[in-house]
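Here is the structure we will look at.
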Amino acid sequence: MASALPVPPVTEIDLTPFADIVDNARTDHEQGLTTGLVATSNDGQPDLALKGSLMVWDKDHLAWWERAKRETLAALRMNPRVAIFVRNPTRDRRTIRFYGEARVVDDPELRERVWHRTVQVEKDTDKDKQDVADVVRIDRVRAGPFDVQRRSPS
């Protein structure tokens, strides 16, 4: 009989330990097929989109460079709640899910800072830098089947 997995303690939000896994997901895999997956919902219908520029922005936020500016952008404007799925088998075999509230960046300085940290392979698809940056305040993190981080209610 298989033993139950030990339940890890739930800590405050600090995304920095996940930076290596998240920031390198797009470039680690030999064929570049591993990226972050963002789930949104705008009209009650869920949608999924690959985000190769997904990064840990700081201890509280994830960010990405939004190239497509289609379903994901429209959904974020209607319903900012998102779920983000990352699995980088090159660095860590854990599946990590992040839950939070996203916003499209309006501040030109912050937009430029996200662009600066975007991986080159993603920048190469937007050479004229015409797209936008998105930032997500994370409220809950799951590693495998367990919550491992949670924001305390304010």
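The values are calculated or read from the model by the stated rules, or taken from the named source; none is laboratory data. Remember, predicted model here, so these are calculated numbers, not experimental data. Every residue, glycine as well, gets a Cβ built from its backbone with ideal geometry; the counts of neighbours run over all protein chains shown. In case anyone asks, the SASA skips ligands and DNA or RNA and just uses the protein heavy atoms, side chains included. Shrake-Rupley method; radii C 1.70, N 1.55, O 1.52, S 1.80 Å.
With all protein chains kept in place, the per residue accessible area of the chain amounts to 56 square angstrom at a probe of 1.4 angstrom. Among beta bridges identified by DSSP and lying wholly in the chain, the antiparallel ones come to about 95 percent. Less than 5 angstrom separates the built amide H of GLY100 from those of VAL82, ASP139, all sequence-distant by 5 or more or on a different chain. Probe radius 1.4 Å, ligands and nucleic acids ignored: give me the carbon and sulfur share of the accessible area of the chain as a rounded percent. In the chain, the share of accessible area belonging to carbon and sulfur is 50 percent.
Any idea what % of Cα-Cα pairs in segment 40-154 are farther than 19 Å?
On the way: 3122 of 6555 pairs.
Tail fraction, whole percent: 48.
Between amide H atoms placed 1.01 Å from N, distances below 5 Å from LYS51 occur with GLY36, LEU37, VAL38, all of them 5 or more places distant or on a separate chain.
Within the chain, what's the longest stretch lacking GluC sites (Glu not before Pro) that sit in DSSP loops with no more than 16 other Cβ atoms inside 10 Å? Spell out each step's value before the answer.
Details: sites that count: GLU12, GLU30.
The longest such stretch corresponds to 31-154.
Computed on the Cα trace of segment 114-154, the radius of gyration divided by the Kirkwood hydrodynamic radius gives Rg/Rh = 1.20.
For the chain, the relative contact order comes to 27 percent (Cα pairs under 8 Å, sequence separation of at least 6).
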